[in-house]
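The next block holds one structure in the form of structure tokens; read it before the comments.
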Amino acid sequence: MSAVVGLGQAGGLIADLFSEYPQYEVYKVRAGKRKGKYKNSYTIPVQTSPELYEELCPSLETFFKNTDEDILFVVDGSEMLSAASLRVLEALKSKSITILYIRPDLNFLTNDQRLNERTVRGVLQEYARSAIFERIYLVDVPLVAATLGDVPIKSYHKLVYDAIVSTLHMINVFSHSQIIMGSIDKPSEIARVSTFGFVDAESGKENLFFPLDFPREKSYYFAINEDKLQTDGSLLKRVEERASTQAHDNLRTSYAVYETQYEDDYIYVTSHGSMVQL
């Protein structure tokens, strides 16, 4: 089991979605009037600036003392509370930490929110590049929404967050499943700035959830119906073409094929780079 730690409003909503799967234990840290710990949820006092959230963030070592060794930390950098990210993560420093960073629609942010978002995103990437964190996955909310087509305003964030969680969950599942053919290369030590997404199985269109500049490595997870694995003689050729056509001198690709009971086929993709994404 892995622990998902959601910081702030968006982080908490996404953590709640992970709780629908039995593989995850969820913790939430939010700002509010009540102080203290409430059933895996810790509330810290509301502050008037990002600087105060960072300065006055309490120690959370006791709150996190029973968490799993593998931590997924979820945060939206436009929220003022996100400025306390490093203070919260300090209590988890003995764990293996992966960051899921949510970049909202920048068009709807104030200047102060834009500055906070850029600062938090830059700092967390630098910590990941220094191997203090295992990895940072960057996700751009408008880009995810674009893969869903027309999204109603009232359910916009719910549908976007659902897509993020279900996609990352399936990648996690297949990362621990038996491979029928192929292999997934472990990203190099310097390629710790990442994103993920899916490939449309019919059109072949690749939908990554962040516009990652200069990726070094990509991995493709082919989730194929068991009957098709037995009967489709051209499947292997199509799989190899998908992986090989993406590769070039500065981009290494790998793939793996997994057997599923699903009627439809699914292709998931991860992309990894070493540069800070501005």
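The values are calculated or read from the model by the stated rules, or taken from the named source; none is laboratory data. Nothing here was measured: the structure is a model prediction, and the numbers come from that model. Note that we place each Cβ from the backbone using ideal geometry, even for glycine, and neighbour counts take in every protein chain shown. Surface accessibility is based on the protein's heavy atoms, side chains included, excluding ligands, DNA and RNA. Shrake-Rupley method; radii C 1.70, N 1.55, O 1.52, S 1.80 Å.
Label separation (residue 96 vs residue 206): 2.6 nm, computed from points 7 Å beyond Cα along the C-beta direction.
Placing unit charges on the Cβ atoms only, positive for Lys and Arg and negative for Asp and Glu, gives the chain a dipole magnitude near 1000 debye about its Cα centre.
So which residue, out of 190, 180, 267, gets the largest mean-square fluctuation from a GNM of the chain using Cα contacts under 10 Å as springs? For the chain, modelled as a Gaussian network with Cα springs under 10 Å, the answer is 180.
Heavy-atom accessible area, probed at 1.4 angstrom with all protein chains present, ranks 242, 252 as 252, 242, highest first.
Largest to smallest in accessible area, the residues 27, 42, 262 fall in the order 262, 42, 27 (1.4 Å probe, all protein chains included).
How large is the dipole of segment 57-144 about the Cα centre if only Lys and Arg carry +1 and Asp and Glu carry -1, each at its Cβ, rounded to the nearest 20 debye?
That gives a dipole near 200 debye.
The listed residues 64, 214 rank as 214, 64 when sorted by accessible area, largest first, using a 1.4 Å probe. Taking springs between alpha-carbon atoms closer than 10 angstrom, which of 191, 91, 15 fluctuates most in the Gaussian network model of the chain? Evaluated over the chain, the most mobile residue of the options is 91. Given a 1.4 Å probe and the protein chains as shown, residue 61 ends up with an accessible area of around 100 Å².
Label positions at residue 131 and residue 105, each projected 7 Å from the Cα along the C-beta direction, are separated by 4.1 nm.
How many times 2.2 N^0.38 Å is the alpha carbon radius of gyration of segment 64-214? Walk me through the intermediate numbers first.
Numbers: Rg = 16.3 Å, N = 151, 2.2 N^0.38 = 14.8 Å.
Here the answer is 1.10, to two decimals.
Run a plain Debye calculation on segment 178-278 (Cα atoms as equal point scatterers, no solvent) and give log10 I(q)/I(0) at q = 0.12, 0.15 Å⁻¹, rounded to two decimals, same order as the q list. The Cα Debye sum returns log10 ratios of -0.39, -0.60.
Each part gets one Cα centre, and for segment 82-123 versus segment 182-234 those centres are 26 Å apart. Positive end of the dipole of segment 153-209 (Cβ unit charges, origin at the Cα centre): among 164, 196, 207, the Cα lying farthest that way belongs to 164.
Taking the Cα centre of segment 1-143 as the origin and placing charges on Cβ (Lys, Arg +1; Asp, Glu -1), which of 139, 123, 11 is farthest toward the positive end of the dipole? Farthest towards the positive pole: 11. Normalised Debye scattering of the chain at q = 0.12, 0.13, 0.15 Å⁻¹ gives log10 I(q)/I(0) of -0.76, -0.88, -1.15, counting only Cα atoms as equal scatterers and leaving out solvent.
Rounded to the nearest whole Hz, the Karplus-based 3J(HN,Hα) values (6.51 cos²θ - 1.76 cosθ + 1.60, θ = phi - 60°) of segment 135-151 follow the sequence 5, 10, 9, 9, 9, 9, 4, x, 5, 5, 4, 5, 6, 8, x, 6, 10, with x at glycine and proline. Can you tell me the FRET efficiency between residue 176 and residue 262 if r is taken as the Cβ-Cβ distance and R0 is 22 Å, rounded to the nearest 0.05? With a Förster radius of 22 Å, E is 0.80.
Which of the trypsin sites (Lys or Arg not before Pro) found in segment 56-134 are in a DSSP loop and have at most 15 neighbouring Cβ atoms, other than their own, within 10 Å?
65, 93
Close amide H contacts of residue 41 (hydrogens built in the peptide plane, cut-off under 5 Å, sequence separation of 5 or more or a different chain): 28. Derived from the Cα gyration tensor, the three semi-axes of the equivalent ellipsoid of segment 170-230 are 23, 16, 9 Å, largest first. Of all DSSP beta bridges confined to the chain, the antiparallel ones make up roughly 35%. Here the mean projected area of the convex hull built on the C-alpha positions of segment 1-149 is 9.0 nm². Helix 235-246 and the long axis of the chain differ in direction by around 50°, with both axes built from C-alpha atoms. Potential lengthening of the chain between residue 166 and residue 188 amounts to 5.4 nm, from the contour at 0.36 nm per residue minus the alpha-carbon distance.
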